[in-house]
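**Student:** Quick one: the structure is below, and I'll ask about it shortly.
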Amino acid sequence: MGRVRVRRGRLLLVLAVVVAIVGGIGYRALQWWDEPLAGLTAPVVIEVASGERVGALSERLSALGVLDHPTLWAWQARLRGQAGHLRTGEYEIKAQATPREILALVVSGKVVLHPVTLVEGWTVREVLATLHALPFIRPRVTSASDPAIQTSLGLAQRSLEGQLFADTYLVPKGTTDLDVLKWAHGRLTRELATAWAGRDPQLPYTSPYEALTLASIIEKETGNPDERPRIAGVFVNRLRKGMRLQTDPTVIYGLGERYSGVLHKKDLQTDTPWNTYTRDGLPPTPIAVPGRAAIEAALHPAPTGDLYFVASGKGDGRHTFSPTLAAHNAAVASYVASQRRRKDQGP
């Protein structure tokens, strides 16, 4: 009996030691789960691949110096029923994040968002060139005339030119260029509809698209906010009188790749659908992305008697406005004289 008692006592002692060790390990594991990772001294961006398993991810995190106990982290993820819920995408792990926070992050879907900025005055070609230069954008569109654009955006036979809203869009890695175009086009459609509903009465154009076309011309004519309504007023006056718009940006757009960087007299005489020196009314499409201010100017032109404007010649990007051709010719002569003086003075 004494030997049996001794054996039982030894067994209980061993079991107690085992329980203590296991309990200690478990307690330490629980502590580790909520302790900031000392080796994670700066934010780290990681990408969870499609279909990636938790074990593979934990080993990659360890190789990056993020996790010090990858097996324990993967075990915890399985124990909590989250191992099969990893969300594909890029994630930014903050400095000294805890193992618990890292797991919560990669199952949350709160991926890194990259800024994509579309600028007022850009053409669709320039928008696509910018998108295709961004490493986080996946290209699907080959050119501005790609049929996928009209099909996906429901444009029928209408060009996408000018039908994008200038703004900064936040997108995850892997977003396609077509996705960005859809969002920017949808935004423009909503903004334009709202602006059109509050337009001034008796405008000389009868559709939001025509207003958008004029807004794109205003956008290219000046970068000065206070001039936009006045320039819109000039164009509206000319349309009402049946005068041609005679605006250089439309000529340049119509020339396309033939434009040399300097507009010559022969260019003004070269007929294209966008040459407002040779054709009446508005061009058939917008010529660039207009900003909200240009759209508002087209729908709320300044009441003015002006029919002409020309660059002031002061190098400030501003213009001189005139109600008569005689006054305009004098302003043009003043501009030419100022340009000659600048050329004579040199840099």
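The values are calculated or read from the model by the stated rules, or taken from the named source; none is laboratory data. Given the structure is predicted, the values throughout are model-derived calculations rather than measurements. Backbone-built Cβ (ideal geometry, glycine too); neighbour counts: all protein chains shown.
**Student:** Would you check if there is a residue in the range 278-291 being under 22 Å from Ala327 (Cα atoms), in a loop (DSSP other than H, G, I, E, B) and not assigned by TED's automatic domain parsing to the domain that holds Arg158?
**Tutor:** No; the residues of the range 278-291 include none that is under 22 Å from Ala327 (Cα atoms), in a loop (DSSP other than H, G, I, E, B) and not assigned by TED's automatic domain parsing to the domain that holds Arg158.
**Student:** So which residues in the range 315-324 are surrounded by 11 or more Cβ atoms within 10 Å (Cβ to Cβ) and either of a type outside the set (S, T, N, Q) or touching an Asp or Glu at 6+ places or on another chain (Cβ under 7 Å) (or both)?
**Tutor:** Gly317, Arg318, His319, Phe321, Ser322, Pro323
**Student:** Determine which single condition Ser260 fails, assuming it passes every other condition in (1) buried (at least 18 other Cβ atoms within 10 Å of the Cβ); (2) more than 18 Å from Gly317 (Cβ to Cβ); (3) hydroxyl-bearing (Ser, Thr, Tyr).
**Tutor:** Among (1) buried (at least 18 other Cβ atoms within 10 Å of the Cβ); (2) more than 18 Å from Gly317 (Cβ to Cβ); (3) hydroxyl-bearing (Ser, Thr, Tyr), Ser260 violates only (1).
**Student:** Scan Thr250, Thr206, Thr272, Thr276 and give me the residue that is farther than 14 Å from Ile295 by Cβ and modelled with pLDDT under 95.
**Tutor:** Of Thr250, Thr206, Thr272, Thr276, the one residue that is farther than 14 Å from Ile295 by Cβ and modelled with pLDDT under 95 is Thr206.
**Student:** With the requirement that a residue be crowded, with 17+ Cβ neighbours inside 10 Å, more than 31 Å from the chain's Cα centre (by Cα) and within 20 Å of Ser159 (Cα to Cα), what does the range 277-308 give you?
**Tutor:** Scanning the range 277-308 gives a single hit, Arg279.
Okay, residues lined up against (1) among the acidic types (Asp, Glu); (2) farther than 22 Å from Gly254 by Cβ; (3) surrounded by 17 or more Cβ atoms within 10 Å (Cβ to Cβ); (4) modelled with pLDDT of 95 or more:
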position: Val116; (1), (2), (3), (4): no, yes, yes, yes
position: Pro147; (1), (2), (3), (4): no, yes, no, no
position: Thr151; (1), (2), (3), (4): no, yes, no, no
position: Leu164; (1), (2), (3), (4): no, no, yes, yes
position: Tyr169; (1), (2), (3), (4): no, yes, yes, yes
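**Student:** Considering each of Thr168, Thr142, Thr176 in turn, give the residue that is touching a Ser or Thr at 6+ places or on another chain (Cβ under 8 Å) and not assigned by TED's automatic domain parsing to the domain that holds Ala293.
**Tutor:** Going through Thr168, Thr142, Thr176 in turn, just one is touching a Ser or Thr at 6+ places or on another chain (Cβ under 8 Å) and not assigned by TED's automatic domain parsing to the domain that holds Ala293: Thr168.
**Student:** Can I ask one more? If we scan the range 300-313, do we find a residue that is assigned by TED's automatic domain parsing to the domain that holds Ser216, part of a loop (DSSP other than H, G, I, E, B) and at positive phi? Quick ask: steps written out before the conclusion?
**Tutor:** Within the range 300-313, the first condition is being assigned by TED's automatic domain parsing to the domain that holds Ser216, and the residues that meet it are 300-313.
Those still in the list that are part of a loop (DSSP other than H, G, I, E, B) too: 300-307, 312-313.
Next, only the ones that are at positive phi stay: 313.
Yes, the range 300-313 has at least one match.
**Student:** Going through the range 118-135 one residue at a time, which ones are among the hydrophobic types (A, V, I, L, M, F, W, C), exposed (fewer than 15 other Cβ atoms within 10 Å of the Cβ) and within 15 Å of Thr175 (Cα to Cα)?
**Tutor:** If the condition is that a residue be among the hydrophobic types (A, V, I, L, M, F, W, C), exposed (fewer than 15 other Cβ atoms within 10 Å of the Cβ) and within 15 Å of Thr175 (Cα to Cα), then Ala133 is the only one that fits.
**Student:** Does Gly242 fit the bill of being surrounded by fewer than 19 Cβ atoms within 10 Å (Cβ to Cβ), modelled with pLDDT under 95 and in the same structural domain as Ala297 (by TED's automatic domain parsing)?
**Tutor:** Here the answer is no, as Gly242 does not meet what is asked.
**Student:** Is it the case that some residue within the range 29-37 is part of a helix (DSSP H, G or I), loosely packed, with under 10 Cβ neighbours inside 10 Å and either modelled with pLDDT under 90 or in contact with a strand residue (DSSP E or B) (Cβ under 7 Å, 6 or more places away or on another chain) (or both)? It would help to see each step written out before you state the result.
**Tutor:** Within the range 29-37, the subset part of a helix (DSSP H, G or I) is 29-33.
The next check asks that each one be loosely packed, with under 10 Cβ neighbours inside 10 Å; those that pass are 31.
From the residues that got through so far, the ones that are either modelled with pLDDT under 90 or in contact with a strand residue (DSSP E or B) (Cβ under 7 Å, 6 or more places away or on another chain) (or both) too are 31.
Yes: the range 29-37 contains one or more residues that are part of a helix (DSSP H, G or I), loosely packed, with under 10 Cβ neighbours inside 10 Å and either modelled with pLDDT under 90 or in contact with a strand residue (DSSP E or B) (Cβ under 7 Å, 6 or more places away or on another chain) (or both).
**Student:** Residue check: is Ile149 among the aliphatic types (A, V, I, L, M) and not assigned by TED's automatic domain parsing to the domain that holds Arg187?
**Tutor:** So Ile149 does not fit the description; no.
**Student:** Related question: Only one of (1) outside any loop (DSSP other than H, G, I, E, B); (2) buried (at least 19 other Cβ atoms within 10 Å of the Cβ) is not met by Gly84, so which one is it?
**Tutor:** Condition not satisfied by Gly84: (2).
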